[in-house]
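Beneath this line is the structure, given in structure tokens, with notes to follow.
The values are calculated or read from the model by the stated rules, or taken from the named source; none is laboratory data. Quick caveat, the model's predicted, so the values are computed rather than measured. Please note: Cβ atoms are built from the backbone with ideal geometry, for glycine as well, and neighbour counts cover all protein chains shown. With ligands, DNA and RNA removed, areas are computed over all heavy atoms of the protein, side chains included. Shrake-Rupley method; radii C 1.70, N 1.55, O 1.52, S 1.80 Å.
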Amino acid sequence: IAISYLNLQPSSVVWDIGAGSGSISIEMARLSNRIRVYAIEQDPHRFCDLKENIQRFEAHNVVPVEGSAPEIFSNLQAPDAVFIGGSDGKLHAILSEIAVRLKPFGQIVMNTVTLENLNNGFEQMTRLKLNPSVTSIQMAHSSSLGRYHTMKPDHPIFIIRGQKGI
């Protein structure tokens, strides 16, 4: 759902902030070999995992970027879309810089599981005139309940999406 909200085009430039092991970056890159994904990760161990997965899945259009957001942004091509998977407590600075660098009509998508980050992300995007909206998704999995079965719910995930105007 988050990737679909980015509205990626065949030659989009995308930033994946807090890329972790690269699962979102690699999925985005597989949509088109002309999409360029900058996968930004600051943790050295996660960065190694990211590079390994890029090689394993032959995602040659994913560019691994070791560094901290938003400081690393000045070295990157301006994005058409940005996915925020992690902010390390710097969401205000990250969103402020994205609002400047994001191309007109560009998309921002942020996943969060806490109400505090939901509130903070929504407020920041509103302040920056990024027209936020929120989707809540929740999954459940079957689980035994004696001789019967029930559905055991996961925590909800909040997806905040915004779009830059002209």
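Below are the figures for this structure:
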{"item": "All positions within region 140-165 that are open to solvent by 90 Å² or more (accessible area, probe 1.4 Å), over 24 Å from N120 (Cα atoms) and out of contact with any strand residue (DSSP E or B) (no Cβ under 7 Å at 6 or more places or on another chain)", "result": "L145, R147, Y148"}
{"item": "Per-region count, region 42-65, residues among the acidic types (D, E), outside any helix (DSSP H, G or I) and open to solvent by 100 Å² or more (accessible area, probe 1.4 Å)", "result": "1"}
{"item": "Filter pass, E97 being assigned to a helix (DSSP H, G or I), open to solvent by 90 Å² or more (accessible area, probe 1.4 Å) and not polar (S, T, N, Q)", "result": "no"}
{"item": "Residues within region 13-41 that are surrounded by fewer than 23 Cβ atoms within 10 Å (Cβ to Cβ), assigned to a loop (DSSP other than H, G, I, E, B) and in contact with a Gly (Cβ under 9 Å, 6 or more places away or on another chain), tallied", "result": "2"}
{"item": "Test: residue in region 148-159 that is within 14 Å of the chain's Cα centre (by Cα), within 22 Å of L76 (Cα to Cα) and not hydroxyl-bearing (S, T, Y)", "result": "no"}
{"item": "Matching residues in region 75-98 - criterion: being of a type in the set (G, A, S) and under 14 Å from V14 (Cα atoms)", "result": "A78, A81, G85"}
{"item": "Residues being crowded, with 19+ Cβ neighbours inside 10 Å and either more than 15 Å from the chain's Cα centre (by Cα) or β-branched (V, I, T) (or both) - total across region 100-119", "result": "3"}
{"item": "Single match in H155, H141, H149 (criterion: assigned to a loop (DSSP other than H, G, I, E, B) and over 20 Å from V82 (Cα atoms))", "result": "H155"}
